[in-house]
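Novice: Sharing a structure here in structure tokens format.
The values are calculated or read from the model by the stated rules, or taken from the named source; none is laboratory data. Note that the structure is a prediction, hence the values are computed from the model and not measured. With ideal geometry, Cβ positions are generated from the backbone for all residues, glycine too; neighbour counts draw on all protein chains shown. Heads up: the accessible areas ignore ligands, DNA and RNA and are worked out on the full protein's heavy atoms, side chains in. Shrake-Rupley method; radii C 1.70, N 1.55, O 1.52, S 1.80 Å.
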Amino acid sequence: MKKTRPNRSEATRHRIAEAALRVFARRGYHEATMDDIAAASRLSKGALYLYFPSKQDLFLSLVDSLADMLVRRMEAAMAAAGPSRRQKLRAALEAGFRLFQRHRSVVRLIFLKLASLGPPLDTKQAEILDRITALIRRELDAAVAEGNIAVEDTETVARMWVGAIHAVLIHWLHQRKPPPLRQQFPTVYATLLRSIGLGEAAEVPRAESHPAVGR
């Protein structure tokens, strides 16, 4: 099957997003200008405004792009992981931590620095957390169906997981010279697994224990 190439408009929006990510990471939200972003994306300022009517619109679109990237990477990590739910959850969380580390400056803007944007950014923050919650809940539901964990309310458990991850992330973002986020991952991961009784020896491999249950 022939791959569908992105049209020129989509390619330009992607180029703007990449340029804006670099500019916001380097200069911050308030210091960055549309002129800066136009120059970084090799577009005229007028052309930039055809795609985004304001800096706020562009930043909020960038938040959406980062959320999409986060979910895609977590899903891809799970798909490439081993067959057990424990392995898939570990891969997903590691992928999320890596993305937060790589884009710390912009993640810091999203979660700490831009109270001035008010409800529009609050909504975007909630959407990111909801999407991660849905992804984790899906895996927890599968683990329940396979008999590996006994959790009645996977929605609440998934939100508790995301709340714990969010608390660790916020603390890390507040530090001026934080250690690599990956150093905190083993403790976070082990604690989350223990919260549902899914430790290193707790999970029976899906293929042996419940061969008839699909994903």
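Novice: Taking the Cα centre of region 123-188 as the origin, how large is its charge dipole in debye, to the nearest 20, when only Lys and Arg (+1) and Asp and Glu (-1) carry charge on their Cβ atoms?
Specialist: That gives region 123-188 a dipole magnitude of about 600 debye.
Novice: Note the angle between two axes, namely the Cα long axis of helix 8-27 and the longest principal axis of the Cα atoms of the chain, as a number of degrees from 0 to 90, rounded to the nearest 10.
Specialist: Rounded to the nearest ten degrees, it is 90.
Novice: Hey, in the GNM for the chain with a 10 angstrom Cα cutoff, which one of 177, 55, 88 fluctuates hardest?
Specialist: It is 177.
Novice: For the charge dipole of the chain, defined by +1 on Lys and Arg C-beta atoms and -1 on Asp and Glu C-beta atoms about the Cα centroid, which residue among 161, 58, 82 has the Cα displaced farthest towards the positive pole?
Specialist: Looking along the dipole axis, the top candidate is 58.
Novice: Now for a different question. Helix 55-80 sits at what angle to the longest principal axis of the chain, using alpha carbons and giving 0 to 90 degrees rounded to 10?
Specialist: With rounding to tens, the tilt is 30 degrees.
Novice: Over region 1-115, with a single point scatterer placed on each C-alpha, what log10 of the ratio I(q)/I(0) does the Debye formula yield at q = 0.15, 0.17 1/Å?
Specialist: The Cα Debye sum returns log10 ratios of -0.75, -0.88.
Novice: I'd like the projected area of the chain, averaged over all directions, using the convex hull of its alpha carbons. Report it in nm² with one decimal.
Specialist: About 14.4 nm², averaged over all directions.
Novice: Sticking with this one: Give me the percent of accessible area attributable to carbon and sulfur for the chain, probe 1.4 angstrom.
Specialist: C and S fraction of accessible area: 54 percent.
Novice: Along its principal axes, what span do the Cα atoms of region 89-175 show, with the longest given first and each in whole Å?
Specialist: 46, 26, 16
Novice: Right, another one. Using all alpha carbons of region 141-195, what is the percent of pairwise distances in each 10 Å bin, ordered from the shortest bin to the longest?
Specialist: 21, 43, 25, 10, 1
Novice: For region 126-139, just list the computed ³J(HN,Hα) in residue order, Karplus coefficients 6.51, -1.76 and 1.60, θ = phi - 60°, integers in Hz, with x standing in for Gly and Pro.
Specialist: 4, 5, 4, 5, 5, 5, 5, 4, 4, 5, 5, 4, 4, 6
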